[in-house]
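Data first, discussion second: the structure below is written as structure tokens.
All of the numbers you see were taken from the coordinates with simple rules; none came from a lab. Since the structure is predicted, the reported quantities are computational estimates derived from the model, not experimental observations. FYI the Cβ positions are ideal-geometry reconstructions off the backbone, even for glycines, and counts take in every protein chain you see.
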Ligand code: PEP
Ligand code: MG
């Protein structure tokens with residue numbers, strides 16, 4: 001053959017050249033050789049199209065790349081008019097090229113002009129070409145462009161040709177992603193850009209943020225997708241697979257992990273996938289075609305994702321997610337992560353699949369502008385930490401870890417759950433406007449700070465803040481809170497790499513009392529267990545951790561830790577008044593024991609530094625306590641309703657499970673009946689009562705609780721302004737009447753309350 005590239009392979013009915021010389025592997029090898037030479041992005045693209053055209057004996061080969069949001073631009077061509085390069089454009093969905101980009105599937109036809117989607121671009125001179133084969137250039141479901149070959153004669157391109165072209169398209173996508181093949185898609189300003197994407201999740205912490213994406217787990221970029229030596233790549237793949245399998249086996253053997261029911265199932269599934277013959281065969285096939293081991297893994301992922309496109313079967317999707325996860329694990333064993341991820345810059349948006357509260361706190365305070373999670377639930381402790389840190393958080397943002405790239409601009413609207421990745425200019429402008437309005441609103445809340453928190457019918461409701469970190473304390477003055485209604489001491493423990501010593505704890509509690517400067521602080525003893533875990537404290541494996549060995553149960557069974565904490569609190573008081581409350585008390589006897597322990601510790605303190613006033617309280621978080629013996633209410637100095645847990649246990653609805661978390665509301669008549677009963681029982685015994693769950697910070701819920709007789713609410717600091725504003729406009733007696741009437745008439749209480757608030761101009 002005179003032309004080194006002309007192989008005969010690629011002309012439809014004509015079989016591959018002798019000896020399979022025109023195999024995809026050969027094509028990739030030539031591509032690698034060509035791309036090894038120096039050159040800029042355009043030169044490389046030009047080389048690619050020339051090489052493909054020659055190798056496939058095609059008269060035309062063109063690359064169309066996505067520009068801006070929805071425009072495909074002819075970026076390189078062999079065979080079409082050169083002056084059309086960078087000029088010819090199609091919208092996504094327009095013409096055969098646009099349809100390929102839209103659907104993410106190849107189009108092959110021997111008579112392009114007769115195809116219903118054909119659209120003729122006169123500037124390209126393509127009217128002469130009859131046969132058309134186009135494949136999407138995509139990575140993991142994201143379309144980056146389209147690769148096309150055309151011939152004048154009406155040919156039926158073979159499946160093998162289609163597959164070979166798809167393989168090259170994958171290489172182009174990998175190279176564009178790794179930045180070794182520019183231009184990627186380019187914006188109007190000539191800068192690389194990818195399409196804007198909008199994702200809807202669930203707002204879990206209010207607020208709006210605009211900032212660059214920071215991936216909790218950095219993506220793995222492939223430096224060179226084309227292999228030099230397939231045998232070497234196969235060996236690498238086998239070695240990495242071997243390590244992956246033995247790591248999974250080791251995890252399954254580790255009793256600490258493996259006995260946790262669900263976790264074990266996940267690991268078993270992973271083991272099954274890691275040994276899946278079909279998958280491993282596919283990987284080997286890609287390597288035989290000329291890809292490196294890591295590119296083969298990625299190609300298999302992209303292929304699986306393309307197959308899944310449009311599938312609505314949730315089982316299939318879940319299997320795919322598992323498979324994808326295992327593929328990523330394999331990838332991590334093949335390449336080292338991109339080192340771009342040192343630490344996020346200030347204002348960055350943290351994107352992750354899921355995060356525990358401790359992992360959020362690992363990021364230096366004030367660094368994160370927002371957090372977006374693929375999974376997670378609104379009332380999880382991770383969400384509580386985000387709210388405590390006043391960082392907007394969105395959970396259940398399906399697809400975000402796939403779509404967002406490190407450094408991409410992102411808008412997070414935690415109020416409504418909107419996420420904009422690489423937003424358009426007008427969207428950014430609208431959000432900047434929103435941010436400035438929020439700043440104004442904040443100023444108006446600040447103006448309310450020193451005004452009484454009193455309803456229009458003269459009922460005072462004290463508003464406190466929830467806290468847990470030293471950095472929360474400046475909010476005491478800024479928000480105008482009357483004190484700290486709930487100090488979650490476990491957050492301090494979770495921040496530490498090791499159990500804080502008595503001295504360290506005492507120093508922290510002393511600091512809190514100093515900053516409170518005489519205002520009330522309810523120190524809650526350690527509430528560990530459920531989704532709050534201390535890495536240095538061994539927790540037993542439990543089927544239902546929320547119902548398990550947690551909070552006061554641990555404290556009473558392991559009194560050393562609880563006593564040490566109580567001693568630290570008493571030491572920190574240095575004679576000042578102090579209030580201590582115990583979490584998750586379910587029975588009078590537990591409270592009696594914990595109280596006795598505290599009183600014993602008080603006895604041990606020198607009379608000179610003993611607190612002048614000690615108040616001992618309990619969190620009411622289990623329905624059983626509402627029905628406790630009268631003595632419970634008489635013995636407690638104060639009771640604080642932990643609405644998050646009380647709601648979860650009252651309705652038997654896991655607060656961390658997105659399917660159940662938002663299902664039942666505080667304004668449900670059954671829950672209101674329980675609240676009224678607690679109010680009455682505390683009233684009879686003369687016990688102070690407050691409410692410190694998340695609902696206290698939502699104006700409508702807060703007003704309803706106040707209308708039911710609760711006179712103290714504790715919430716995150718940023719909610720104090722909105723709740724006070726609502727309270728100062730509301731008539732609590734009228735609200736009580738509305739709730740009662742709705743209940744009697746069978747109307748949904750929440751709807752009636754909302755309607756009433758709208759009609760009487762109460763800003764909820
Ligand atoms: C609650 O359960 O309402 C509460 C305040 O405690 P936590 O959210 O820390 O469990
Ligand atoms: Mg609780």
message = Order 296-303, 389-396 from most to least packed using the mean count of other Cβ atoms within 10 Å.
response = 389-396, 296-303
ask   = With each run of n ≥ 4 DSSP H residues scored as -39500 (n - 2.57), what mean residue ellipticity at 222 nm is computed for the chain after dividing by its residue count and rounding to the nearest 500 deg cm²/dmol?
value = -13500 deg cm²/dmol
remark   = Taking Cα pairs closer than 8 Å and at least 6 residues apart, the relative contact order of the stretch 59-186 in percent is 25 percent
message = Take residue 435 and residue 450, extend 7 Å from each Cα along the Cα→Cβ direction, and tell me the distance between the two endpoints in nm.
response = 3.1 nm
ask   = Angle between the Cα long axis of helix 588-604 and the longest principal axis of the chain, 0 to 90 degrees, nearest 10?
value = 70 degrees
key: Cα coordinate range in the stretch 573-627, projected on the principal axes (Å, largest first)   = 40, 17, 13
inquiry  = Let me check I have the definition right: for the chain, take the eigenvalues of the Cα gyration tensor, multiply each by 5, take square roots. What are those semi-axes in whole Å, largest first?
reply    = 61, 29, 22
ask   = For the stretch 553-603, what is the Kirkwood hydrodynamic radius in Å, using each pair of distinct C-alpha atoms?
value = 11.4 Å
request  = With a ≥ b ≥ c taken as the square roots of the eigenvalues of the C-alpha gyration tensor of the stretch 108-168, please select rounded if a/c is under 1.5 and otherwise prolate if a/b is larger than b/c or oblate if it is not?
outcome  = oblate
task = Within 10 Å, count the other beta carbons around each residue, average over each peptide in 152-159, 636-643, 283-290, and list them highest first.
result = 636-643, 283-290, 152-159
task = Give me the number: length gained by fully extending residue 470 to residue 557, i.e. 0.36 nm times residue separation minus the C-alpha to C-alpha distance, one decimal in nm.
result = 28.4 nm
key: Approximate shape of the stretch 454-759 as ellipsoid semi-axes (Cα gyration tensor, √5λ), whole Å, largest first   = 32, 22, 18
remark   = Classified through the alpha carbon gyration tensor (a ≥ b ≥ c as square roots of its eigenvalues; rounded if a/c is under 1.5, else prolate when a/b is larger than b/c, else oblate), the stretch 24-177 comes out rounded
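Answer rounded, prolate or oblate for the stretch 345-448, using the Cα gyration tensor with square roots of eigenvalues a ≥ b ≥ c: rounded when a/c is under 1.5, else prolate when a/b is larger than b/c, else oblate. Spell out each step's value before the answer.
Values: a/c = 1.76, a/b = 1.15, b/c = 1.53.
Judged from the Cα gyration tensor, the stretch 345-448 comes out oblate (a/c at least 1.5, b/c at or above a/b).
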task = Return the percentage of antiparallel bridges among DSSP beta bridges fully within the chain, rounded to the nearest 5 %.
result = 55 percent
ask   = Can you give the angle from 0 to 90° between the axis of helix 41-55 and the longest principal axis of the chain, with both taken from C-alpha atoms, to the nearest 10?
value = 50 degrees
ask   = Taking the highest mean first, how do the peptides 36-46, 665-675, 74-84 order by number of other beta carbon atoms within 10 angstrom per residue?
value = 74-84, 665-675, 36-46
remark   = Rounded to the nearest 10, the angle in degrees between the Cα long axis of helix 559-573 and the longest principal axis of the Cα atoms of the chain comes to 70 degrees
